[in-house]
1. Could you go through the stretch 45-64 and let me know if any residue there is at pLDDT 95 or above, of a type in the set (Asp, Glu) and in contact with a Phe, Trp or Tyr (Cβ under 7 Å, 6 or more places away or on another chain).
2. Select from the stretch 92-125 the residues that are hydrophobic (A, V, I, L, M, F, W, C), surrounded by fewer than 23 Cβ atoms within 10 Å (Cβ to Cβ) and part of a loop (DSSP other than H, G, I, E, B) and list them in ascending order.
3. Do we find that Lys91 is closer than 15 Å to Asp129 by Cβ and at pLDDT below 95 in this structure?
Amino acid sequence: MLRLTHQITLTAARTSTLPQLAMVGSIAKAELKTKLEDGVYLIDVRTPDEVASTGIIPHAVNVPLDAIPPLFEYPSEESWEDAGLPPLPPKDTPIIFYCRSGARSGMAANYAEQAGWTNTINYEGSWLDWSPTG
């Protein structure tokens with residue numbers, strides 16, 4: 001079952017002194033495994049070096065965190081293809097982000113949410129939860 005968590009994000013370009021409140025879903029390992037069987041957009045936001053040294057969750061695509069904002073703010077078929085992502089989905093398609101421990105993936109989910117994507121999900125346990133060695 002997906003649960004929504006509140007995450008406060010600060011955007012440097014905002015003129016307001018109050019942080020923006022975004023609703024980002026989260027997912028547990030068991031549910032992620034089920035979704036992987038059904039096919040899902042799963043994005044690993046770790047660096048390529050991290051992925052090379054540890055591996056990647058099956059069916060995930062590695063898109064480092066610093067590449068996330070432009071992909072979601074200015075989405076195009078070409079930019080998604082260049083990033084190795086499946087075809088550009090509608091903005092209400094569930095997209096799951098993960099990293100090593102859940103912090104960077106939470107930021108990525110917030111970036112996407114702020115850019116108008118309405119079904120972003122953070123795998124909070126991320127690689128430490130997925131990997132048998134942690």
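The values are calculated or read from the model by the stated rules, or taken from the named source; none is laboratory data. Computed from a predicted structure; not experimentally measured. Glycine gets a Cβ as well: all are built from the backbone with ideal geometry, and neighbour counts include every protein chain shown.
1. no
2. Of everything in the stretch 92-125, those that are hydrophobic (A, V, I, L, M, F, W, C), surrounded by fewer than 23 Cβ atoms within 10 Å (Cβ to Cβ) and part of a loop (DSSP other than H, G, I, E, B) turn out to be Ala115, Trp117.
3. Values: closer than 15 Å to Asp129 by Cβ: no; at pLDDT below 95: yes.
No, not satisfied.
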